[in-house]
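For reference, the structure is listed below as C-alpha cells.
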Amino acid sequence: IGDTFNGGEASVLGAELTLATVFAMNASTTMPLSISYTYTDAEFDQTFDSEFFGQVNEGDSLPYIPENQLSLTAGIDMGDLSITTIATFIDSMCTVGTGCTDKTYNQTNFDLVANYEVNDDLSFYTRVENITDEVDIVARQPKGARPNRGRTALVGVRLSF
C-alpha cells in the first residue's frame, strides 16, 4: 500500500531495559509497576540521493526512529477490576535523511485502561488513549505535518468460547 523507497544500507543498534514488580497491597489487591527504556542508534551506511529521503550522507540518522523511548506503567488489580495508567515518552525524530534538518517534537502521552472481569469467559474493558488530548506532530512526510491521534476512547467486551 502506498509508495516504497529504498533507503540503501543502514545500521540499527539498540538496547532495551525493562524492570517490573508487583506489590501485594492485601490478600486481594496488587499494584503492578513497570518501567521500560529503549535506546536506538539508527543511521544510513552509505551516501545517496533519493526522491523521498533527499541527499543522504553516510552516518545520517534514519528518519522516524527515536533515539530514546521510556514507558512507565502503574496499576491496581482488585481481582475482578483492574485499572492501569501508562505514561510514554518518545524522543524527537528526524523526518528527513539529510543531516536531520527537520524533526518531530518530543512526545509524552498518557493512557488509562480499565478491565472488569465478570467471569472466566466474559469481561468488559475501556481504554482512553491520550487522556490529556495533547497535540504533537508525529510525522512530516509525506506532504507535510501530521498530528498524533487526539483523545480516543475504546469500549469493548471480551467473550471466550
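If I ask for residues that are part of a loop (DSSP other than H, G, I, E, B) and either open to solvent by 90 Å² or more (accessible area, probe 1.4 Å) or without any contact (Cβ under 8 Å) to a residue 12 or more places away in the chain (or both), which ones from the range 1-48 would you list?
Matches in the range 1-48: Ile1, Gly2, Asp3, Thr4, Asn6, Glu9, Ala27, Thr47.
Pick out the one residue from Val138, Val96 that is over 26 Å from Ser34 (Cα atoms) and either at pLDDT below 95 or in a loop (DSSP other than H, G, I, E, B) (or both).
Going through Val138, Val96 in turn, just one is over 26 Å from Ser34 (Cα atoms) and either at pLDDT below 95 or in a loop (DSSP other than H, G, I, E, B) (or both): Val96.
For the range 53-69, how many residues are among the hydrophobic types (A, V, I, L, M, F, W, C) and open to solvent by 60 Å² or more (accessible area, probe 1.4 Å)?
1
From Thr88, Thr108, grab the single residue that is modelled with pLDDT of 95 or more and assigned to a strand (DSSP E or B).
After applying the criteria, what remains is Thr88.
Within the range 136-161, how many residues turn out to be β-branched (Val, Ile, Thr) and either under 19 Å from Gln69 (Cβ atoms) or loosely packed, with under 10 Cβ neighbours inside 10 Å (or both)?
Total meeting the criteria: 3.
Among the residues of the range 147-161, is any at pLDDT below 85 and in a strand (DSSP E or B)?
Checked against the condition, which is being at pLDDT below 85 and in a strand (DSSP E or B), the range 147-161 yields at least one hit.
Answer yes or no: is there a residue in the range 108-117 that is over 30 Å from Thr21 (Cβ atoms) and surrounded by 14 or more Cβ atoms within 10 Å (Cβ to Cβ).
Looking for residues that are over 30 Å from Thr21 (Cβ atoms) and surrounded by 14 or more Cβ atoms within 10 Å (Cβ to Cβ), one finds none in the range 108-117, hence no.
The values are calculated or read from the model by the stated rules, or taken from the named source; none is laboratory data. Just so it is clear, the structure is predicted and the values come from calculations on it, not from any experiment. Methodologically, a virtual Cβ is constructed for each residue, glycine included, from the backbone with ideal geometry; neighbour enumeration extends over all protein chains shown. Heavy atoms of the whole protein, side chains included, go into the accessibility calculation; ligands, DNA and RNA do not. Shrake-Rupley method; radii C 1.70, N 1.55, O 1.52, S 1.80 Å.
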